[in-house]
Amino acid sequence: MSMIIMKSIFIVILFTQADQLTADLTTERSNSQKIDTERSMLDRQNKELQAKLSEAEAHLKTRTKAAMQALESKIANLEEQLDAEARSVQSMASPSNCIISLIHFLARWHKNSFLV
């Protein structure tokens, strides 16, 4: 084979390889761009979900605090009622007053136990 034919074949092979490398590079750039777009979308979704989580945690904390305050208030009210009843029972002079006061106390307690 002559040297010119061999050089021509070699040049054709080089151009074919260059075309293949150019096609591969274009494919890789396209894939890289798709990945970058997906990463940006996932980052945005992650930020949105983190904001929603923070909002939900704050809302839960507020509700829990309000429920605790309501329960503490109810406990304080019941303690005051118990103290008042104890003072009432202690201040009774006769056994008949004791029985009447006890009946009133039990009636109020029974009524309040259904309200809880």
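The numbers here are math on the coordinates, done by the rules we state, and not lab data. Source: prediction; values computed, not measured. Cβ: placed from backbone, ideal geometry, glycine included. Neighbour counts: every protein chain shown.
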Degrees, to the nearest 10: 95-115 long Cα axis against longest axis of the chain: 20
4 °C / 1.567 mPa s Stokes-Einstein diffusion coefficient of segment 3-115, Kirkwood radius on C-alpha pairs, µm²/s: 57
FRET efficiency estimate (nearest 0.05) - Cβ-Cβ, residue 83 to residue 62, R0 41 angstrom: 0.80
Nearest-ten-degree value, helix 3-90 long axis tilted from longest Cα axis of the chain: 0
Estimated inter-spin distance, residue 5 and residue 70, nm [label 7 Å along Cα→Cβ]: 9.7
Farthest toward positive dipole pole in the chain [+1 Lys/Arg, -1 Asp/Glu at C-beta], among 26, 2, 90: 90
Projected label distance in nm at residue 99 and residue 15, using a 7 Å step from Cα toward the beta-carbon: 12.3
Dipole magnitude of segment 3-115 about its Cα centre (Cβ charges: Lys, Arg +1; Asp, Glu -1), debye to nearest 20: 200
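Per-residue ellipticity at 222 nm for the chain, helices alone: DSSP H runs ≥ 4 residues times -39500 (n - 2.57), over residue total, nearest 500 deg cm²/dmol?
Numbers: 2 runs with 109 residues, N = 116.
My calculation for the chain gives -35500 deg cm²/dmol from helical runs alone.
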